Amino acid sequence: MILNITCIPGDGIGPEIVTQAKKVLEKVASKYGHEMRFTDILMGGASIDACGEPLTDEAIATAKAADAVLMGSIGGNTSTSPWYKLPPEKRPEAGLLKIRKALNLFANLRPAYLYEELAAACPLKEEISKAGFDMLIMRELTGGLYFGERKTVEENGELKAIDTLTYSESEIRRIAIKGFEIARKRRKKVTSVDKANVLDSSRLWRKVVNEVAENYPDVTVEHMLVDNCAMQLVKDPAQFDVILTENMFGDILSDEASMVTGSIGMLSSASLNDSKFGLYEPSHGSAPDIAGQDIANPIATVLSAAMMLRYSFDLDKEADAIENAVRQVLKDGYRTGDIYSAGTTKVGCNEMGDLLCERI
Ligand code: IPM
Ligand code: MG
């Protein structure tokens, strides 16, 4: 099979970790008889520096023409980088929001999983973490507060800022369907998270989720208020399978869930449209403080590449090979600095890539 993949190395540690993911993909390709065709595009700060804007229309066209997009990370230090002196719509993050909308990537899958080998990194009390956890946050990605009308006006001699939170039934229905479909392939439980005790958009969310749930009698559905969910994530994370939620709640809860694993450098993500197309990226950011030092953890990006093989190309065997290589490398005691503990072997970004390739 020929796989046409657009890569966005991006900023900070992005280029280093994408290089490792490409290396692992090439290894998979040679083992299973595929051909990887990579095309790089610029996004974020790299694109601002080269083209004066965080994402050009040509870059979007290149991404659209591919089968899938593999991204590293974008953005820089928000207090020191000159990119953050620009107006908001010209900053690195605007490129990310633009590509999500342009490619209609409404379904954002963010797994949070406690690796047995890394259980010690989990910040929760052992009596909680010993149960383990394996959840997937299904975050709506192209609606809500992120894409509603916003403005700042002057009223009665003071500034007033307005952000609007809108959701239509069809926007809720399509993400709910994705949530239930994926739950069917997992432990068959959906926790839909909202703020239905206050927000109209959440009341509509709950109504539509209940309607969709009727078509999935084999999947258990429960509703949870977002503030309670934030508590439950640290109190009893094992209760969750699929967490289905809107854009802003998903942004916040997914950071919390990743922190609870203690190893954000291990967490992948996928952003999908309604066909097989997707953008795959690590859950972590661009870590500008450690960029270019060959110490970043490439595993989240490598696992995002595995998600890409699974969701965009239906190459399950190949995806399994990558995930097994990650497990094996941990079993063999190799760690990048972020997940290092006494008694294990510390390796750099490039060496971690090589060790993974050896295990494919
Ligand atoms: C994320 C990030 C983005 C978001 C930012 C960089 C715009 O936090 O992917 O979670 O808020 O969606
Ligand atoms: Mg976020």
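The values are calculated or read from the model by the stated rules, or taken from the named source; none is laboratory data. Keep in mind that this is a model prediction, so the values were computed, not measured. Methodologically, a virtual Cβ is constructed for each residue, glycine included, from the backbone with ideal geometry; neighbour enumeration extends over all protein chains shown. Areas reflect the complete protein model, heavy atoms only, side chains present, ligands, DNA and RNA absent. Shrake-Rupley method; radii C 1.70, N 1.55, O 1.52, S 1.80 Å.
Say the cut-off is 25 Å between C-alpha atoms; which of LYS31/LYS64; LYS64/LYS178; LYS178/LYS235; LYS23/LYS64 go over it?
Correct reply: LYS31/LYS64; LYS178/LYS235.
Residues of segment 119-143 with the amide nitrogen closer than 16 Å to a label point 7 Å from the Cα of ALA342, along Cα-to-Cβ, please.
120-121
Can you list the residues, at least 5 places off or on another chain, whose amide H is less than 5 Å from the amide H of CYS7, using H built in the peptide plane?
Correct list: THR39, ASP40, ILE41, LEU70.
Run the paramagnetic zone check for ILE2: 7 angstrom along Cα to Cβ, then residues of segment 46-73 with backbone nitrogen under 20 Å.
61-70
Under the rule of at least 5 residues apart or a separate chain, name every residue whose amide H is placed under 5 Å from the amide H of LEU136.
ALA112, VAL242, ILE243
Please compute, for the alpha-carbon atoms of segment 184-339, the extent along each of the three principal axes and give them in descending order in Å.
Cα spread of segment 184-339 along its principal axes, largest to smallest: 48, 34, 26 Å.
With contacts defined as alpha carbon pairs under 8 Å and 6 or more residues apart, what's the relative contact order of segment 123-261 in percent?
Relative contact order for segment 123-261 comes out at 37 percent.
Could you tell me what fraction of 2.2 N^0.38 Å the Cα radius of gyration of segment 49-104 comes to, as a two-decimal ratio?
1.18
Leaving out ligands and nucleic acids, note down the accessible area per residue over segment 123-261 with a 1.4 angstrom probe, in whole Å². Write down the numbers at each step before the final one.
Numbers: 6940 Å² over 139 residues.
Result: 50 Å² per residue.
Sketch the reach of a paramagnetic label on LYS276 as a point 7 Å from Cα along Cα-to-Cβ, and name the residues of segment 288-330 whose backbone nitrogen lies under 15 Å away.
It comes to 307-319, nothing else.
Nearest 5 percent is fine: what portion of the DSSP beta bridges confined to the chain is antiparallel?
Bridges in the chain are about 40 percent antiparallel.
Go through 214-224, 291-301, 159-169 and give me the packing order, highest mean Cβ count within 10 Å leading. List each step's numbers first, then the result.
Values: 214-224: 14.0, 291-301: 22.9, 159-169: 12.5.
Averaged packing, sorted descending, gives the order 291-301, 214-224, 159-169.
At ASP354 and MET231, where each label point lies 7 Å from the Cα along Cα→Cβ, what is the point-to-point distance in nanometres?
5.1 nm
Work out, step by step, the length gained on full extension between ASN156 and LYS331: first 0.36 nm times the residue separation, then minus their alpha carbon distance; give nm to one decimal.
56.6 nm
Which of these, PRO15, PRO237, PRO87, has the largest mean-square fluctuation under a Gaussian network model of the chain (Cα springs below 10 Å)?
The residue with the greatest mean-square fluctuation here is PRO87.
Where is the GNM fluctuation largest for the chain (alpha-carbon springs, 10 angstrom cutoff): LYS178, LYS207, LYS151?
In the Gaussian network model the winner is LYS151.
Test of understanding: express the Cα radius of gyration of segment 123-261 as a ratio to 2.2 N^0.38 Å, with N the residue count. It would help to have the intermediate numbers written out before the result.
Working: Rg = 16.6 Å, N = 139, 2.2 N^0.38 = 14.3 Å.
That works out to 1.16 for segment 123-261.
Say each of GLU89 and ALA102 gets a label point 7 Å from the Cα, pointing the same way as Cα to Cβ; how far apart are those two points in nm?
1.5 nm
Determine the share of segment 123-261's accessible area contributed by carbon and sulfur atoms, expressed in whole percent, with a 1.4 angstrom probe.
52 percent
Taking the alpha carbon gyration tensor of segment 314-360, what are the square roots of 5 times its eigenvalues, largest first, to the nearest whole Å? Could the numbers behind the result be given before it?
On the way: eigenvalues 96, 21, 13 Å².
The answer is 22, 10, 8 Å, longest axis first.
So what is the calculated 222 nm ellipticity per residue for the chain, using -39500 (n - 2.57) for each DSSP H run with n of 4 or more, over all residues, to the nearest 500 deg cm²/dmol?
About -12500 deg cm²/dmol.
Please work out the FRET efficiency for the pair ASN215 and ASN77, using the Cβ-Cβ distance as r and a Förster radius of 45 Å; give the result to the nearest 0.05.
0.45
Please report the projected area of segment 47-180's Cα convex hull averaged over all directions, in nm².
Its Cα hull, projected and averaged over all orientations, spans 13.6 nm².
Evaluate Rg over Rh across the chain, taking Cα atoms for both radii and Kirkwood's formula for Rh.
Details: Rg = 20.3 Å, Rh = 21.1 Å.
Dividing the radius of gyration by the Kirkwood radius yields 0.96.
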